[in-house]
Structures are given as C-alpha cells and as structure tokens.
Amino acid sequence: MGDSPGPERRNGECEPPGAADMPPTPSASAPSSATATAHEPTSERTQQPIQLTQPQKTRSIIVSLTPVRERETWAKKVEFLLAVVGFAVDLGNVWRFPYICYQNGGGAFLIPYCLMLVFGGLPLFYMELALGQYHRCGCLTLWKRICPALKGVGYAICMIDIYMGMYYNTIIGWAVYYLIASLASVSSVLPWTSCDNEWNTPLCTPITSPQIFLNASTPAKEFFERSVLEQHKSNGLDDMGPIKPSLALCVFGVFVLVYFSLWKGVRSAGKVVWVTALAPYVVLLILLARGVTLPGATEGIRYYLTPEWHKLQNSKVWIDAASQIFFSLGPGFGTLLALSSYNKFNNNCYRDALITSSINCLTSFLAGFVIFSVLGYMAHVQNKSIEDVGLEGPGLVFIVYPEAIATMTGSVFWAIIFFLMLITLGLDSTFGGLEAVTTALCDEYPRVLGRHREIFVAVLLLFIYICALPTTTYGGVYLVDLLNVYGPGLAILFLVFAEAAGVCWLYGVDRFSEDVKSMLGHTPGLFWRVCWTYISPVFLLVLFVFSVLSHEEMLGGEYTYPRWSIAVGWLMTGTTVSCVPIYFIYKLLITPGTCYNRLKTIKRPVERSVPGGDVSAL
C-alpha cells in the first residue's frame with residue numbers, strides 16, 4: 001500500500017504532526033487549562049481544533065484525521081500484462097483447443113472461433129478490464145457503484161473461484177507428481193516406458209509392440225491410472241477410498257507456491273508472473289522445434305489444419321467455438337476485475353485487452369502445432385490413424401504426450417520441461433482465480449481482512465486445501481470431473497450474463513462509456529457499444545442454454561456417475577446461481593419505502609466513485 005507522509009499509522013489512525021507542540025487555548029478563567037486529544041479516523045487530510053466552551057473552563061480537543069489510503073498499483077505495466085496473459089493462458093489452451101479444432105473442421109474451425117472472439121469474448125474481456133480499472137475494487141464492492149441489487153453476482157463468483165481451487169490445484173498436483181517421477185529417473189528410464197513395474201497389468205503392451213489383446217493398455221495409461229491416481233482401488237464416487245498421501249503432499253506443495261504468490265498482493269504476484277507467464281512459451285517453442293523434426297509430424301499438422309468446410313453447417317461447431325473462446329479468455333471469474341483494479345487510472349486498458357486476448361488465442365493456435373506434431377509421430381510409430389491416437393483433456397497431457405516423450409532420445413529431459421510447462425501454466429491461472437476472491441473480500445472488509453492480508457490468504461488457502469483433500473483419494477479423479485462440470489462449468493455462464501446485463505442494461509452503456517472516456521480520453525466506438533448492449537448478452541444466454549442441454553456430454557468417459565452425484569452437482573450449481581436472486585430479495589426487504597421505490601433504489605448505484613479514487617476511501 002502507498003505510504004502517506006507523517007507519523008506511523010496505528011490501526012488506521014495516526015497522530016497529527018506537531019500536535020504535541022500546539023499551545024493550549026487561552027482562557028481568562030483558566031490560564032492553564034487541560035488539553036485532551038482524541039483520535040478518530042476520517043477521510044480528510046487536515047485537522048481542526050474544536051472549542052467546547054463551558055461556564056468555568058474551555059477544553060481544546062484536537063481531532064486527528066487519517067490520510068486516505070492509496071491503493072497499491074503494479075510496479076511495472078508489463079507485470080500486469082503478464083499476469084493477465086498468465087491467467088488467460090492455462091491448461092485448456094494445450095489440452096482442449098487442439099482437440100476441439102480438429103474435431104470441428106480443422107482450419108475451418110478458425111472462422112467461428114475468430115468470429116466468437118470478436119463479437120463475444122473480446123467485448124466482455126475489455127468490459128471487465130475497464131470496470132476493474134475505473135472502480136478500483138473487486139467483484140463485491142464493485143456492485144455498490146453499478147447496481148447494488150446484483151451484489152449476489154460477486155458472492156457467486158467468489159464461490160465459483162473456491163470450487164475451482166478445490167480441483168484445479170489437484171490437476172497441477174498430478175503434474176508435480178509426474179515431474180518428481182521424471183527427476184527421479186535422471187539416471188534410468190521414465191517409469192511409464194515399460195510394462196515391468198509393479199502397477200502394470202497382464203494387458204499392458206508397449207506402444208511399439210503389436211496389440212495382442214483387444215483391450216490392451218499402454219504403460220503410460222497404466223502409470224497415470226494405476227500409479228498416479230490408483231483409481232483401481234476405488235469403486236467410483238460410492239467408495240472413493242482413503243487419501244493418497246503422496247498425491248496430497250504434491251497438492252499441498254501447489255498451495256504453498258500459490259500462497260507465496262498471493263500473500264503480498266501485486267508486489268509478490270508481479271514478481272512470480274515473470275516466471276509462470278514466460279516459461280510456458282520457452283518450453284512450447286522448444287517442444288515445437290523438437291516435434292516438427294519427428295517422423296509423421298507433417299501428417300499430424302496437416303490433419304490439424306486441413307479445413308472441412310461442411311462442418312460449419314453444424315450448430316455444435318459454433319457452440320464449441322463460443323464455449324472455447326469464453327473459457328479461454330476467462331471473463332466472469334473476477335480475476336480480470338481484480339488484476340486491472342491495481343492499474344493506474346489512465347492506463348490504456350483498451351490496448352491491453354487487444355494485446356492480451358490476441359496473445360491468448362495465438363498461444364492456443366501454437367499449442368495445436370506442438371500437440372499435433374507429436375500426435376502425428378505417435379500415429380506413425382503405432383501405425384494408426386491420428387483419430388485413434390488423440391485424446392481430449394487430461395488424457396492428452398498425462399497419457400498420450402508422455403507416451404510420445406518416452407520414445408524420444410533424451411526422454412527424461414523432454415519430460416522434465418514438459419511437466420514444468422504444465423505446472424507454470426496452471427499456477428498463474430489458479431492464483432489469478434484466488435486473487436479474485438482475496439481482492440473482493442479484502443476490499444469489502446478492509447479493516448478486518450485488508451489489514452491482515454497475509455493471515456487471511458493463509459486461512460483461505462488452508463480451507464480450500466482441506467476441501468480439496470477428497471480429490472486426492474483413489475477415486476478423486478471422478479470428483480475432479482464432477483466439480484469441473486457443475487462447479488464453474490454451468491453457473492459461470494449465467495453469472496457473466498447477469499454481470500453483462502447489470503452493466504449494460506441497468507447501469508447503462510452510455511454511463512459506462514463515459515467512465516471509459518474519463519480514463520482513456522475518448523468514448524468507445526459504436527462497435528463496442530453495440531456488442532455490450534446486444535451481442536454479448538445474447539452470446540452468453542445462448543451459450544448457457546446449450547451448455548445446460550448438453551451437460552451430460554461434458555462428463556462423458558467410461559464411468560457412469562451415480563444419480564445422487566448428479567443431484568449433488570446440480571445442488572452446487574444451484575447454490576451458486578441462487579446467490580443472485582437471494583441477495584436481490586434480501587436487498588429488497590431491507591430497503592425502506594414502497595415496493596416501487598425499493599426497486600428503484602436497489603438498482604441505483606449507492607455512490608459515484610471518484611475517478612482514480614481508492615475504494616478504501618469510500
């Protein structure tokens with residue numbers, strides 16, 4: 001936090017300079033009157049003696065007035081850009097985009113993808129950066145300035161980020177487990193190279209050997225399922241089994257790294273992102289240079305890019321493009337609001353939105369070359385088609401890619417840098433989401449939480465880690481999938497629609513445009529105003545409806561989820577979404593006046609924020 005001149009503050013209060021030297025007020029009846037000093041916090045920067053005249057004496061009370069606390073800002077502009085890029089570029093860019101791209105028409109998929117970026121994702125991305133920078137607060141306090149009745153959106157976003165922390169850090173923990181196994185194999189071979197390990201089954205067959213069993217499995221697949229997860233010791237969600245200590249320890253290590261990234265706010269996060277945001281690009285380029293030299297790589301890249309124009313007639317392709325661009329850019333998780341709230345008031349957030357969203361999409365495209373050059377190589381080695389090799393999601397980065405690495409010269413080196421890349425990709429995304437919760441609650445409760453940020457972050461992460469422990473059991477992988485779909489997967493779409501509606505329809509696009517003009521010096525163009533008013537809300541609503549209709553396909557896989565688990569999943573989604581109407585009703589009930597006046601009051605901003613002002617001053 002910015003330091004103010006004068007003596008040290010204590011609990012938000014300070015003794016005014018020279019107060020002890022001020023002479024007592026003269027009095028005819030009491031030449032040596034007593035002087036009492038009272039310290040009361042306020043938002044003024046001056047002090048004023050107040051005269052209280054009594055029949056026999058005059059007492060002079062000096063009121064100490066605390067200077068306004070300045071909000072912390074990024075040390076360098078590039079640190080903010082790296083933090084935004086690091087949050088937006090996550091594991092989904094590596095394990096989801098390439099698969100979605102080739103499944104939906106290859107090069108032809110880039111057409112709906114770019115259209116959804118321009119008309120849906122980018123306007124929402126720009127809107128959140130501008131909101132956070134103008135109001136300089138998190139996703140809770142923000143609604144006091146926009147529409148108090150929708151503050152439930154902020155609470156729901158905090159719940160979603162906590163759900164995310166409960167399973168996303170576990171996936172990073174899997175990568176840590178692989179990294180440790182790779183480091184332990186420096187003087188030998190990778191443990192998923194052969195079928196001679198204690199966890200292997202009689203059906204295990206090396207990928208370079210002919211398949212003698214119809215349901216044969218590979219060493220990499222068995223290492224992931226039977227050594228890392230040990231899911232064979234579980235009967236699914238009905239009997240998940242005990243916690244696996246080694247996996248729980250890996251996940252704990254992830255939480256420790258996240259804590260030391262968050263505990264000092266942007267001062268610590270700004271240093272960490274130099275590593276977590278840049279390292280993946282170094283590794284991606286190294287892996288690309290290696291991948292394109294492998295036999296079969298050209299065929300894999302051709303398969304990735306060859307356009308299938310007829311697939312554009314399928315509505316699913318357009319829904320997949322919208323879903324991918326939305327979850328890739330990440331509006332609605334409160335992170336963009338939190339990160340941009342630490343910007344200087346006149347920072348060019350418009351240019352930042354264009355730069356960071358473009359980098360994110362180009363990274364996804366680059367990852368496709370990295371992945372498909374290796375998938376082409378795997379198809380060549382196994383004498384299969386690429387369709388039979390490729391997998392989506394964790395299976396791609398924890399089974400298929402490690403399989404390919406195991407057949408390369410210097411496999412241990414390639415494994416180490418690949419899993420380092422996965423860890424860094426995941427870390428800046430997870431601490432971006434948790435920074436949203438931290439900023440929101442510290443801004444909302446500055447005296448209780450804001451002044452004890454280090455302790456609050458530690459308690460919050462400890463709570464999330466305890467909640468995440470069930471995902472480290474033998475059946476934890478099923479819980480990870482369930483949390484992924486019903487935690488943020490469905491609810492976030494509705495919440496971002498509510499956020500966009502609150503900003504664009506209730507607060508008003510014209511008013512919001514004036515806010516942007518006060519920061520940038522010019523009003524957003526007609527294109528942005530039309531997108532904010534009409535296109536983006538419709539984009540979100542349609543995406544939400546189609547996602548609800550196809551939620552069962554999102555679980556997929558060989559495992560059939562019990563009915564009670566689906567009910568629990570909908571309960572998670574319902575408790576998150578219900579924050580919006582529950583808070584609306586609560587606000588309506590506590591507001592005095594007639595029903596009409598109540599509705600008019602709760603949708604009107606409580607106060608107009610001072611441009612460039614600090615939330616702690618309001």
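The values are calculated or read from the model by the stated rules, or taken from the named source; none is laboratory data. Predicted model, so just to flag it, every value in this text is computed and none were measured. Here the Cβ positions follow ideal geometry from the backbone for every residue, glycine too, while neighbour counts run over all protein chains shown. All accessible areas refer to the heavy atoms of the entire protein, side chains included, with ligands and DNA or RNA removed. Shrake-Rupley method; radii C 1.70, N 1.55, O 1.52, S 1.80 Å.
Structure summary
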item: Leading residue by the ranking (least open to solvent (accessible area, probe 1.4 Å)) among those in region 440-479 that are under 20 Å from residue 230 (Cβ atoms) and part of a loop (DSSP other than H, G, I, E, B); result: 475
item: Boolean, residue 281 is among the aromatic types (Phe, Trp, Tyr) and crowded, with 19+ Cβ neighbours inside 10 Å; result: no
item: Boolean, residue 336 is under 30 Å from residue 524 (Cβ atoms) and surrounded by 18 or more Cβ atoms within 10 Å (Cβ to Cβ); result: yes
item: Any hit, region 160-170, residues being open to solvent by less than 10 Å² (accessible area, probe 1.4 Å), in contact with a Pro (Cβ under 6 Å, 6 or more places away or on another chain), under 20 Å from residue 511 (Cα atoms) and assigned to a helix (DSSP H, G or I); result: no
item: Conditions (1) touching a residue at least 12 places away in the same chain (Cβ under 8 Å); (2) closer than 23 Å to residue 88 by Cα; number of the one not met by residue 351; result: (1)
item: Residue within region 214-227 that is open to solvent by 10 Å² or more (accessible area, probe 1.4 Å), aliphatic (A, V, I, L, M) and in contact (Cβ under 8 Å) with a residue 24 or more places away in the chain present; result: no
item: Test: residue 127 is within 21 Å of the chain's Cα centre (by Cα), surrounded by fewer than 24 Cβ atoms within 10 Å (Cβ to Cβ), modelled with pLDDT of 90 or more and not acidic (Asp, Glu); result: no
item: Subset of region 178-213 (residues that are open to solvent by less than 30 Å² (accessible area, probe 1.4 Å) and assigned to a loop (DSSP other than H, G, I, E, B)); result: 185, 190, 191, 192, 200, 205, 207
item: Whichever residue in region 415-428 is in contact with an Asp or Glu (Cβ under 9 Å, 6 or more places away or on another chain) and at pLDDT 90 or above and, among such residues, is surrounded by the fewest Cβ atoms within 10 Å (Cβ to Cβ); result: 426
item: Residue count, region 366-399 (criterion: in a helix (DSSP H, G or I), free of Cβ contacts under 8 Å to residues at least 40 places away in the same chain and open to solvent by 60 Å² or more (accessible area, probe 1.4 Å)); result: 2
item: Filter result (closer than 15 Å to residue 139 by Cβ and hydrophobic (A, V, I, L, M, F, W, C)) within region 423-448; result: 434, 436, 437, 440, 441, 442
